[in-house]
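Taking it in order: structure first as structure tokens, then the write-up.
Every number here is computed from the coordinates shown, using simple stated rules; none is lab data. Small disclaimer: the values here were computed from a predicted structure and weren't measured. Glycine gets a Cβ as well: all are built from the backbone with ideal geometry, and neighbour counts include every protein chain shown.
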Amino acid sequence: MVEIVVSFHSGSGHTRRLAEVFAGELEALGAAVHLADVTSLGDADWLAMRRADGIVFAAPTYMGSISSPFKAFMDASSDIWGSEDGWSGKMAAGMTVGSYASGDKMTSLIQLAVFAAQHGMIWVGVDDIGAPVNPEKEGINEDGYCLGMGATSVRDKAQMIRAGDVTTARRFARRFHAACARWARGG
């Protein structure tokens, strides 16, 4: 069984919604999933990340950068860096939510990818090409991010993120699960 941690910070609930959709799809695929809110990490959360086959990093983009609570988590992980039971060799992916379609989300995805690289992790990006390139995939990866997932928040608190982003998150979760499973069995 593949073990995956979805570590996240959510200021207004949008990123939590994205993380929960992603985790729900992983669970439907049979993965053991651990959701870890980085603002309240305990020993069990850190242990889950050390044991996991893959870790997904999810945070909102505020003012063109990762949120400060998520950055504090990144800084706190420095004790793991270089340790024998660190994150080197684990699969990694990133997701961010912003108020606008662009909203400088790419800078947050770059921060997450560099963070994973510093830990020696193997990065998995989004491979879905949506409309207008593939008209049959209307709403899929609507903003065209490939480094990771960039979702856009909506004001409707029942929805939190666009419907296409929900579908994209589920598809990205399937890709990440397959990568973790392939990597865990050695090829």
As straight-line cross-link partners of K105, the qualifying aspartates and glutamates (C-alpha separation under 12 Å, not fewer than 8 residues apart within one chain) are D143
Spelling it out for Y62: with amide H atoms placed in the peptide plane at 1.01 Å from N, the residues 5 or more places away or on another chain with amide H under 5 Å from its amide H are S67
Calc'd 3J(HN,Hα), region 58-68, phi into Karplus 6.51 cos²θ - 1.76 cosθ + 1.60 (θ = phi - 60°), Hz, glycine/Pro = x, comes to 9, 8, x, 9, 10, 6, x, 7, 4, 5, 5
For the chain, percent of DSSP beta bridges that are antiparallel (nearest 5) comes out at 10
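Fewest to most neighbouring Cβ within 10 Å: what's the order for D104, D79?
Working: D104 15, D79 10.
Fewest to most other Cβ atoms nearby, the residues stand as D79, D104.
How far, in nm, would the chain grow between S12 and S83 when pulled straight, counting 0.36 nm per residue and subtracting the alpha carbon separation? Present the calculation step by step, with values, prior to reporting the outcome.
On the way: separation 71, 0.36 × 71 = 25.56 nm, distance 3.42 nm.
The S12-S83 span can extend by a further 22.1 nm.
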Semi-axes a, b, c in Å (a largest) for the chain, each sqrt of 5 times a Cα gyration tensor eigenvalue, come to 24, 19, 15
Relative contact order in percent for the chain (Cα pairs under 8 Å, 6+ apart) equals 23
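Just want to confirm a number: the relative contact order over region 16-106, from Cα pairs under 8 angstrom separated by 6+ residues, in percent. It would help to have the intermediate numbers written out before the result.
Details: 76 pairs, mean separation 27.7, N = 91.
This gives 30 percent for region 16-106.
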Sparse-neighbourhood loop hits (chymotrypsin sites (Phe, Trp or Tyr not before Pro), region 78-111; DSSP loop; Cβ within 10 Å at most 13 others) -> W81, Y100
Under the Karplus relation with 6.51, -1.76 and 1.60 and θ = phi - 60°, whole-Hz ³J(HN,Hα) for region 85-100, x at Gly and Pro, equal 9, x, 9, 4, x, 7, 6, 9, 8, x, 9, 9, 10, x, 6, 10
Ordered by fewest other Cβ atoms within 10 Å, a rough proxy for footprinting exposure, I161, I129 read I129, I161
